1. Output yes when any residue across the stretch 111-124 is over 19 Å from residue 70 (Cβ atoms), surrounded by 15 or more Cβ atoms within 10 Å (Cβ to Cβ), β-branched (Val, Ile, Thr) and modelled with pLDDT of 95 or more, and no when none is.
2. Using the structure shown, decide if residue 190 is in the same structural domain as residue 141 (by TED's automatic domain parsing), touching a strand residue (DSSP E or B) at 6+ places or on another chain (Cβ under 7 Å) and open to solvent by less than 40 Å² (accessible area, probe 1.4 Å).
3. For the stretch 125-140, give me each residue that is within 16 Å of ligand 2 (Cβ to nearest atom) and surrounded by 14 or more Cβ atoms within 10 Å (Cβ to Cβ).
4. If you scan the stretch 163-219, which residues turn out to be away from ligand 3 (no atom under 15 Å from the Cβ) and among the aromatic types (Phe, Trp, Tyr)?
5. Could you please find all residues in the stretch 197-214 being in contact (Cβ under 8 Å) with a residue 60 or more places away in the chain, open to solvent by less than 20 Å² (accessible area, probe 1.4 Å) and part of a loop (DSSP other than H, G, I, E, B)?
6. Show the residue pairs that are 6+ apart or on different chains and have beta-carbon atoms under 6 Å apart, the first residue being within the stretch 74-88 and within 11 Å of ligand 3 (Cβ to nearest atom), the second being of a type in the set (Lys, Arg).
7. For residue 176, which of the numbered conditions (1) open to solvent by 60 Å² or more (accessible area, probe 1.4 Å); (2) at pLDDT 95 or above fails to hold?
8. Restricting to the stretch 280-314, give me the number of residues that are assigned to a loop (DSSP other than H, G, I, E, B), on the phi < 0 side of the Ramachandran plot and either in contact with a strand residue (DSSP E or B) (Cβ under 7 Å, 6 or more places away or on another chain) or open to solvent by less than 60 Å² (accessible area, probe 1.4 Å) (or both).
Amino acid sequence: MSVPRLLHTAAELKAAIAETLAAKAAARSAGGDGAGERKPDGPLSLGLVPTMGALHTGHRAMMDAARAENDVVVATVFVNPLQFNDPEDLRRYPRTLEADLELLGDAGVDLVFAPEESEVYPGGPPLVRVSSGELGNRYEGASRPGHFDGVLTVVAKLLHYAAPTASPAVSPVRYRAYFGQKDAQQLALIRRMAADLGFDAEIKAVPVVRSADGLAESSRNVFLDPAHRRAAAVLSRALFALRDSVSAGSPPDLAGAVALVEAEPLVELDYFDIVDPQTLQPLGSADRPLEKPALALLAAQVGPVRLIDNLPLEIPRTG
Ligand SMILES: Nc1ncnc2c1ncn2[C@@H]1O[C@H](COP(=O)(O)OP(=O)(O)OP(=O)(O)O)[C@@H](O)[C@H]1O
Ligand SMILES: CC(C)(CO)[C@@H](O)C(=O)[O-]
Ligand code: BAL
């Protein structure tokens, strides 16, 4: 296991990125960069993986994806107050930096940026923020007002902090940023932000990692007691039942999937819908099979925890 370098300020991070890229470039020209599948004569690459810490196997999958594709991997650990609409949720959010650093070291991450709040927001909450627009007001945004403006604002800042700058020694550098498919609306919004505001980073999605009972891994799962944890498994069961009906060529049985969740007394459903994966516009009708690939997405309160989950719905191939 290697020990990643821990940086607390944006200036330290910039310098460490430049240094690490220069070392990779030097190792390459000396003929021993260990680039694996990457072309030794192609551009160097940097992968950024933003997180809020309390890392689990879902985060590990993102680190592994970034490690496999890039010369330098940077993870960030920052519980962003701007995206919390509920102060109690922010106060109790799990913070486990020591264990996180172990996981990140094990995953071969090069640099970890774990800033204080005063580093990211030196003048207090920022006046100017990224607006998530209409796409940020639906689903999660309807239940967590301001959440996605807070997410996009911090992601924009993190993308700036970690952006590799070209130098005579290191030029050019490919820039990739990794986000989990579990937060489907967040992913769609980050893709839109990158396109609409002209960010250089290529946005990469990592599939949802689930535990053996189907529950999507999430940092907040630690707050589920055994009964709520068992009950929460109904969410993925309902998603998979819906996907099976669609794969069989039937109209999506959304009402059936909702009924399955509603039969579980410890689970209080917030929304369950079938949407276009990019625009999150509702799709599908109870009378006709789906005409294009879609996403089933849901959120529910399970005891003290708000859980979200989603599953792609592929239309069956014809012929
Ligand atoms: N089970 C998972 N599979 C794949 N990616 C995940 C999973 N859980 C989280 N991620 C991704 O990890 C990144 C960081 O997420 P975050 O640190 O908020 O963790 P989290 O488990 O989603 O926590 P919580 O939902 O409790 O806030 C996000 O891009 C998120 O989509
Ligand atoms: C992308 C993110 C790290 C921004 O704080 C957060 O929303 C998360 O962990 O999904
Ligand atoms: N992964 C989503 C971050 C949040 O719930 O604030």
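The values are calculated or read from the model by the stated rules, or taken from the named source; none is laboratory data. On a predicted model such as this, the values are computed, not experimentally measured, just so you know. We place every Cβ from the backbone using ideal geometry, glycine too, and count neighbours over all the protein chains shown. All accessible areas refer to the heavy atoms of the entire protein, side chains included, with ligands and DNA or RNA removed. Shrake-Rupley method; radii C 1.70, N 1.55, O 1.52, S 1.80 Å.
1. Looking through the stretch 111-124, at least one residue is over 19 Å from residue 70 (Cβ atoms), surrounded by 15 or more Cβ atoms within 10 Å (Cβ to Cβ), β-branched (Val, Ile, Thr) and modelled with pLDDT of 95 or more.
2. Taking the combined requirement at face value, the residue satisfies it.
3. Passing the criteria: 126, 129, 130, 132, 135, 136, 139, 140.
4. 175, 199 - these are the residues of the stretch 163-219 that are away from ligand 3 (no atom under 15 Å from the Cβ) and among the aromatic types (Phe, Trp, Tyr).
5. 201
6. 85/144
7. It is condition (1) that residue 176 fails.
8. Our first condition is that a residue be assigned to a loop (DSSP other than H, G, I, E, B); within the stretch 280-314, this holds for 280-281, 283-293, 303-304, 314.
The next check asks that each one be on the phi < 0 side of the Ramachandran plot; those that pass are 281, 283, 285-293, 304, 314.
Now narrow it down to the ones that are either in contact with a strand residue (DSSP E or B) (Cβ under 7 Å, 6 or more places away or on another chain) or open to solvent by less than 60 Å² (accessible area, probe 1.4 Å) (or both): 281, 283, 285, 290, 293, 304.
Total satisfying the criteria: 6.
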